[in-house]
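Notes to accompany the following structure.
The values are calculated or read from the model by the stated rules, or taken from the named source; none is laboratory data. Keep in mind that this is a model prediction, so the values were computed, not measured. All Cβ positions, even for glycine, are placed from backbone atoms using ideal geometry, and neighbour counts span all protein chains on display.
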Amino acid sequence: MPGRFTFQVQSHLARLDGYLYGGTAIAASMVSAEELTGRETVWMTTLFVATAPPGETVSIHAEILAAGRRTNQVRVTGIDGAGATMFASLGTTGHRRPGGIEGVFESMPEVTSPDDSPVLDGLFAKVMQNAGYDQMPPVPQKASFLSTMEMRDPEVRSHPDDGPGRLCVWVRRRDRRPITPAMVAYMADVVPLSVAHAAGVVAGGVSLDNSIRVGSHTDTEWVLLDLRPHMATGDYGHGVVHAWSEQGGLLATAGQSASMKNFDMDNLPWEQ
């Protein structure tokens, strides 16, 4: 049936605790909408209602709410085996006009290239260091979404929006397959760590929403995630991330809100 898809929560689609990773949900929503409409994602926002445990099969229902000559408004719903809603997405797919209005109105930070940047063992390590911890606890890299990505830690030489918590990290797929807009959305689900970094605490966040607005596609092996936290209040954190190609193109800009939680270093959530 058109607009009906399924996927299983496996380790590479999961958080560190084995449950469904928010980046997977928005990426699956984008791919489903594109498959149904035959058009590219312009923007997508995903509301997280619940998560799904390891091994759970998630059914996706994508539907066109309004069909235009070049633009479709779509809704995508993810449902678990018991019929409960896991996530709900709204977005737009469309055909971009050749020769249409073009422009990038943000500036890319000046950073060292991936080849000149050391390997980074996950952004959590930088949050730990910033909070004054020298000893990095073991993180299950091979049993989570981290297994799909390689990270490099560039030197930031200048930043157009310098401020607390700014983080820049080069990311690429370990399998070296092409970067798609959906993959950028999958990679970008790390804003809560920048909020923790800005606040100087060791914390994580459960996604309340993920949103992405997609720019011009550029073939690139590495993506620079330019994380810019905005604020935190009452354990809710908000921020954005700009995703840049190696050539300096703005692939997408994404926003995220999360329910933040300080980590008990003696009882980390992925060790339970």
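You will find that of A66, A27, the residue that is at pLDDT 95 or above, of a type outside the set (F, W, Y) and part of a strand (DSSP E or B) is A66 and no other. Under the condition of being small (G, A, S) and closer than 12 Å to T46 by Cα, the residues counted in segment 77-100 number 4.
Can you tell me which residue among E106, E34, E102 is modelled with pLDDT of 95 or more, part of a loop (DSSP other than H, G, I, E, B) and on the phi < 0 side of the Ramachandran plot? Spell out the reasoning first.
Working: E34 fails: part of a loop (DSSP other than H, G, I, E, B); E102 fails: modelled with pLDDT of 95 or more.
Of the residues listed, the single one that is modelled with pLDDT of 95 or more, part of a loop (DSSP other than H, G, I, E, B) and on the phi < 0 side of the Ramachandran plot is E106.
Only one of the numbered conditions (1) under 27 Å from T24 (Cα atoms); (2) of a type in the set (D, E); (3) touching a residue at least 40 places away in the same chain (Cβ under 8 Å) is violated by D80, and that is (3).
Only one of the numbered conditions (1) modelled with pLDDT of 95 or more; (2) surrounded by fewer than 13 Cβ atoms within 10 Å (Cβ to Cβ); (3) more than 26 Å from S259 (Cα to Cα) is not met by H61, and that is (2). When every residue of segment 184-200 is checked against the conditions, none turns out to be assigned by TED's automatic domain parsing to the domain that holds A131, on the phi < 0 side of the Ramachandran plot and part of a strand (DSSP E or B).
Considering only residues in segment 124-138 that are in contact with a helix residue (DSSP H, G or I) (Cβ under 6 Å, 6 or more places away or on another chain) and either at pLDDT 75 or above or of a type in the set (F, W, Y) (or both), the one that is farthest from R15 (Cα to Cα) turns out to be N130. Only one of the listed residues (V184, V202) is under 24 Å from T51 (Cβ atoms), of a type outside the set (D, E) and more than 18 Å from the chain's Cα centre (by Cα). That residue is V202.
Give the residue that is surrounded by the most Cβ atoms within 10 Å (Cβ to Cβ), with candidates limited to residues of segment 78-121 that are of a type in the set (V, I, T) and in contact with a helix residue (DSSP H, G or I) (Cβ under 9 Å, 6 or more places away or on another chain). Spell out the reasoning first.
To start, the set of residues in segment 78-121 that are of a type in the set (V, I, T) comprises 79, 85, 92-93, 101, 104, 111-112, 119.
Next, only the ones that are in contact with a helix residue (DSSP H, G or I) (Cβ under 9 Å, 6 or more places away or on another chain) stay: 92-93.
Details: T92: 21, T93: 25.
Looking at the filtered set, the residue picked out is T93.
Against the definition (among the aliphatic types (A, V, I, L, M) and either in a strand (DSSP E or B) or under 19 Å from A252 (Cβ atoms) (or both)), how does M1 come out, yes or no? Explain how you work it out, then say what you get.
Values: among the aliphatic types (A, V, I, L, M): yes; either in a strand (DSSP E or B) or under 19 Å from A252 (Cβ atoms) (or both): no.
So M1 fails the test.
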